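Below you'll find the structure, written out as C-alpha cells, and then a few comments.
The values are calculated or read from the model by the stated rules, or taken from the named source; none is laboratory data. Please read all numbers here as calculations on a predicted model, not as lab measurements. Here the Cβ positions follow ideal geometry from the backbone for every residue, glycine too, while neighbour counts run over all protein chains shown. Note: accessible area is taken over every heavy atom of the protein model, side chains too, but ligands, DNA and RNA are not part of it. Shrake-Rupley method; radii C 1.70, N 1.55, O 1.52, S 1.80 Å.
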Amino acid sequence: MRLFVAVNPPSEAVQELVDAAAALRELPGADRLRWSGVDGWHLTLAFLGEIPVTEVPALEAVLARTAGENGAHRLRIAGGGTFGDRVLWAGVDGEVWALRRLAEAVRGAVGEVGVETDQYGFHPHLTLARAGSGRGRRRAEQRVAAAELQHLAAGLDGFRGLEWEAGEIHLVLSETGFGPSHYRTLTTWPLAHWQAE
C-alpha cells in the first residue's frame, strides 16, 4: 500500500484556492502544466511509500498516539511558490511552527515501527500543478520555463485565504495507475484540544 500522512484543509479553504487558481490557469504557460485535482490538495506531513498491509495496524497505533500528543492549530492558505521549473504550489501561514512540530512527531512515530519517510525536508504546501512530462521533442515544447512558473506563482502573492483549524491527521492511500493518482483516507485521528488552566 502506497501511503502518506496528511492534514487536509476544509472545503471552504479549498474553494477559495480554486477561485484564486482559476485566474492563474489563464496566464501564459499554464496550458502546459498538469493541474492537480482539487481532491489531491493536502499538506503532506510524511510520505511513507510502499507499506505491507500487515504493518498498517502498528502504524495506525503510533499515529493515534501522536495525534493525541499534538494540538490542533490555526492555518491559512497563503501565497505561492515553485520547486524549480517542476512544481507550482500554494503556501501556508499561521501556526506553521505547530504544523512543523506535528510533521516531526509523525516522522518520529512511524520510524519507531520501522517505516522510513522521504528524505526531503518538510516544506508545507499544496501542489497545484506540475510541468508537463511528454517525451522527446514534444517534451521540450511542453516544458514550462522556470520564469513562467515563477510568474504563475507571483499571481498568488496577495492571496490569503480564511483561517481554519488543522484538527485532524489522515493516513491516506495513494492509488496509482494510468492517469493521476487517486487518494483515499484510510483512518483519521483528531488532534488534541487542551483547555487553558
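This model, with +1 at the C-beta of Lys and Arg and -1 at the C-beta of Asp and Glu, gives region 1-137 a dipole about its Cα centre of some 480 debye. Largest mean-square fluctuation among Leu88, Leu186, Leu173, in a Gaussian network model of the chain whose springs join Cα atoms under 10 Å apart, belongs to Leu186.
With protein chains left intact and a 1.4 Å probe, residues in the chain average 53 Å² of accessible area per residue.
For region 86-111 versus region 27-53, the inter-centroid distance based on Cα atoms is 15 Å.
Want the number for Arg86 to Glu165: 0.36 nm per residue separation, take away the alpha-carbon distance, what's left?
Numbers: separation 79, 0.36 × 79 = 28.44 nm, distance 2.98 nm.
Once the chain is fully extended between Arg86 and Glu165, it gains 25.5 nm.
Of the GluC sites (Glu not before Pro) found in region 1-35, the ones in coil according to DSSP and having at most 12 other Cβ atoms within 10 Å of their Cβ are Glu26. Comparing the chain with the 2.2 N^0.38 Å rule of thumb, its C-alpha radius of gyration ratio is 1.08 (two decimals). Spread over its residues, the convex hull of the C-alpha atoms of region 27-132 is 126 Å³ per residue.
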